[in-house]
Amino acid sequence: MVAAVVNGFGGPERVELAEVPVPRPAAGQVRVRVAAAGLNPVDAGVRSGIFGGAGERLGLGWDVAGEIDESGPGVTGWSRGDRVVGLHYGTVKPLGTHAEYVVLDAGAVAAAPAGVDVPAAAALPLAGLTAARAVDQLGLTPGSSVLVTGAAGVVGGLAVQLAARAGLVVTALAGPDDEELVRSLGAAAFVPRGGTPAGPVDGVLDAAVLGGEALALVRDGGVYVGLIPNHAPAAERGIRIEEQEVAADGELLARLVALVEEGALTLRVAEVFPLAEAVKAHERLATPGVRGRIILTA
């Protein structure tokens, strides 16, 4: 099969299309014939060497939408041909979802959302799980105020929707041209990038990775949730510091799929590229102002 990999670190030009053996599922795993896969900022990080793995062939891609092609021993509840979405966790791995086939743990997949096209479905797993886990880590009660930074991004936009659904009063921080977008996602208030809310908030979900700048906007005794492990600012003023690290979770993913099917969660696709144009897709990812997930189709 064909897979997008890197054999050395650098820019988009380091992405290669390689002929590799089709993987086989082991016990408790399923093989998915990939229809579409998301291209995420973490893939650019892998490509540039942020996560290590020098001297190894590294696969790219975390999100997948497709259909089950084969199941390993002990897998129940899934059949060949079932349409699924899933998360292939891991920064340093020989193969990812940017391939024609991928093997996942059976517990990492959920039935694909009905009524949603395949590219949009592929935009859900990583961003949705990240946003959902981060909103949960806020631990705030309905009526509490939360500031979501990077609210027009893929993760930030989903976090705005999930936080509003949880009854939180959301202030969205995003670019000056994004007010209409973030309000349509459920934000009650808007702050342009570089601005500050009317007063301290109970919590911050820092999708833009502003760190101390975002922490300064939290009330004493509030909560800060960061999305990159080991990058949160030091605690101060009794603020609880949380760091979210995404994990493959088919049950949570299934709940997010249900919200998509209800129309309660909007998925955004910026552009779709065939796998053969993976380098162009990485170049597009590097351009400013992308609103929505870039998708590769196999």
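Values for this structure:
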{"quantity": "Using a Förster distance of 22 Å, the FRET efficiency for A235-V92 (Cβ separation, nearest 0.05)", "calculated": "0.15"}
{"quantity": "Gyration tensor (alpha-carbon) shape descriptor, region 124-253, a/c threshold 1.5", "calculated": "rounded"}
{"quantity": "Solvent-accessible ranking of I241, I228, I68, I50, largest area first, probe 1.4 Å", "calculated": "I50, I228, I241, I68"}
{"quantity": "Tensor-based shape of region 117-185 (alpha-carbon gyration tensor, a/c under 1.5 rounded, otherwise prolate or oblate)", "calculated": "oblate"}
{"quantity": "Charge tally in the Cβ shell below 11 Å around E16, where Lys, Arg are +1 and Asp, Glu are -1, E16 excluded", "calculated": "+1"}
{"quantity": "Filtered GluC sites (Glu not before Pro), region 1-59: DSSP coil and at most 15 other beta carbons within 10 Å", "calculated": "E56"}
{"quantity": "Region 205-298 - percent relative contact order, Cα under 8 Å, separation 6 or more", "calculated": "19"}
{"quantity": "Length-normalised contact order for the chain - Cα pairs under 8 Å, 6+ apart - percent", "calculated": "19"}
{"quantity": "Rounded if a/c under 1.5, otherwise prolate or oblate - region 1-80, Cα gyration tensor axes", "calculated": "prolate"}
{"quantity": "Solvent-accessible surface ranking, highest first, for H98, H231 at 1.4 angstrom", "calculated": "H231, H98"}
{"quantity": "Value at 222 nm in deg cm²/dmol, rounded to 500, when DSSP H runs of n ≥ 4 in the chain each add -39,500 (n - 2.57)", "calculated": "-6500 deg cm²/dmol"}
{"quantity": "DSSP beta bridge pairing in the chain, given as percent antiparallel to the nearest 5", "calculated": "55"}
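The values are calculated or read from the model by the stated rules, or taken from the named source; none is laboratory data. Here the structure is a predicted model, which is why all the values come from computation and not from measurement. When we count neighbours, we look across all protein chains shown, and the Cβ atoms used for this are built from the backbone with ideal geometry, even at glycine. SASA here: full protein model, heavy atoms, side chains in, ligands and nucleic acids out. Shrake-Rupley method; radii C 1.70, N 1.55, O 1.52, S 1.80 Å.
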